[in-house]
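In what follows, a single structure is set out as C-alpha cells and then discussed.
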Amino acid sequence: MSSGMPQPEPNPIVACTISRDVQNFDLLIEDMETAMGEAWGDLGFAEALAFFGQPEAESLEFVALALDGEDEDNLVLMGEIITQAKSRGIKVILIAEDVTPASLHQLLRKGADEFVPYPLPEQELQMAIDRVSAPEPQRAEQTQNTHQLKSGTSKEGAVIVVHGLAGGSGATTLAVNLAWELATLSGDESPSVCLLDFDLQYGSISTYLDLPRREAVFEMLSETDNMDEEVFGQALLSYEDKLQVLTAPSDMVPLDLITPEDIQRVVDMARSHFDYVVIDMPKTLVQWSETVLQAAHVYFALIELDMRSAQNALRMKRALQSEDLPFNKLRFALNRAPKFTDLSGKSRVKRMGESLGISIDLQLPDGGKQVTQGNDHGLPLASSAAKNPLRREIAKLAQSINELGQSEAQAA
C-alpha cells in the first residue's frame, strides 16, 4: 500500500556553488549550509553551463562562483557562466581568493552582482545573499540614491586632486579616504564634499565605496553642454548621506571621449555646489589633464620609494616644465613611507628628493592588509580600521586642509 502513497516533493535547489573544487573553499561550504540548509548544490565550471539549460535550474535564485589564482586562466569560461546566469535571472556572487584586480574587474563587468573576498569575513556571505535577494524595487532604491542639488548655489569649493605616478601607489585609496575624512570632520557641520572619479577606464572608487556604476554618468559626460544641476545631481551617488560621488562610467570608455571643455564644466558645476571637490585622476596624461591641473588648489602626486616612481616623477616634471605648466602646484606624497625609526629609509627618501629636484611634502605610512581589506569590503578606513596608521595620517591631512581653507576664507 505504501507504494501507492504520494511521495513528498524534494526541496528545490535555490542556490549553487560553482568552483573547480568546492573542497578548496571549506568556509564557503559552512556558510552555505548555515544560510541555505539543504537547498543548495555544487557544480563544476563545465557542469554549470549544462545545468542552466535543465528544468531543475528554473528554481535557482543565485549562484556563488568561487575562484582562486589558479582559475584565472579560465576567465572566459567564468565570464560565460556569469552571462548565462544573468540571462536566466539568476544572481551571481563572486567568491575570490588571490585573484588579481584586473580579473575581478573583468568578471564584475560581465554582470556579477556581489563580490566577497575569501577567506569569508564573518556574516559577509549572508549579507551578500540578503542584498541579491532583496526585492527589485528595494534594490533599485538602494542603487539609485542620487543627490538633489540646490539651484543658484555658488560655493567656489576647493579642488583637491590625487594622481598616482605609478600603478598601485595608492592614489584612489588616498582620494576616497581623504574625501570621507573631509566629509565627516565635525558632525552635522562638516563641509560638503564631492568625489569625482576621472579614471574613466579603470576607476575603482565605486568598488572602494561599494557603489554601483550607472549609465547616467556616461550620459552626463557625453553631453555636458546640456548639463544643469538636475542632470549633474542624478549622475552623483550619495555615500552614507555625507559624501557625494561621481563614479567612473559603467563601460570602459576612451580617455579622450571627453574634452577639456567637458571636464571644465563638470569641475565648475561641482565647485559651485560643494566646499571640497576631490578628484582621482588616471595615471595617463591626456588632453584634459592640464584643465584639472589649472583648476586644482592642491595636486597630490603619489609616489613610492622605488625606481619606477622616481623615473615617472622625473618624466612628469619634464613634461610639465616643457609646456610651461604650473609644476609648482604638485605636492609629492610618498606612500608606504619608512617608519620613523628606519633611519636608512629616511636617508633614501632624502636622496630621492634631492636627485629629482623635488620636495616630498607628505609621507604616508604603510597601512598593511587592512587597507586592501577595507577597499575590498567597500568601506573607508575610518569605518573598517579606524586606528590604522594610514587612516590617522589622512585624518590629520583632512583636518589641516580644512583649517587652511577656513583661515583663507576668513582672510578674504
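Can you find, within the stretch 233-274, the residue that is nearest to the chain's Cα centre (by Cα) among those that are acidic (Asp, Glu) and either at negative phi or in a helix (DSSP H, G or I) (or both)? Result: ASP251.
Taking every residue in the stretch 206-220 that is in a helix (DSSP H, G or I) and pairing it with any residue that is of a type in the set (Asp, Glu), at least 6 positions away or on another chain, yields no pair with a Cβ-Cβ distance below 6 Å. Counting only helices (runs of 4 or more DSSP H) wholly contained in the stretch 44-137, the ones carrying 3 or more residues that are within 24 Å of the chain's Cα centre (by Cα) and in the same structural domain as ILE29 (by TED's automatic domain parsing) occupy 75-87, 101-109, 124-133. The residues of the stretch 277-331 that are part of a strand (DSSP E or B) and within 28 Å of SER190 (Cβ to Cβ), listed by number, are VAL277, VAL278, ILE279, ASP280, VAL298, TYR299, PHE300, ALA301, LEU302, LEU330, ARG331.
Of all residues in the stretch 150-171, none that is closer than 15 Å to ALA270 by Cβ and assigned by TED's automatic domain parsing to the domain that holds LEU196 has its Cβ atom under 6 Å from the Cβ atom of a residue that is at pLDDT below 75 and among the aliphatic types (A, V, I, L, M), 6 or more apart or on another chain. Could you say whether any residue in the stretch 370-391 is among the polar types (S, T, N, Q), without any contact (Cβ under 8 Å) to a residue 40 or more places away in the chain, under 16 Å from ALA313 (Cα atoms) and assigned by TED's automatic domain parsing to the domain that holds LEU314? Scanning the stretch 370-391 turns up no residue that is among the polar types (S, T, N, Q), without any contact (Cβ under 8 Å) to a residue 40 or more places away in the chain, under 16 Å from ALA313 (Cα atoms) and assigned by TED's automatic domain parsing to the domain that holds LEU314. Criterion first (touching a residue at least 12 places away in the same chain (Cβ under 8 Å), over 27 Å from ASN335 (Cα atoms) and under 20 Å from the mean Cα position of the chain (by Cα)) does VAL277 satisfy it? Judged against the criteria, VAL277 is not a match. Annotation for the stretch 351-358: no member residue is among the basic types (Lys, Arg), under 22 Å from ILE205 (Cβ atoms) and at pLDDT 90 or above. Which is part of a loop (DSSP other than H, G, I, E, B), within 28 Å of the chain's Cα centre (by Cα) and surrounded by 17 or more Cβ atoms within 10 Å (Cβ to Cβ), of GLY374, GLY405, GLY367? When all the criteria are applied, what remains is GLY367.
The values are calculated or read from the model by the stated rules, or taken from the named source; none is laboratory data. Remember, predicted model here, so these are calculated numbers, not experimental data. Ideal geometry is used to build each Cβ from the backbone, glycine not excepted, and the neighbour counts take in all protein chains shown.
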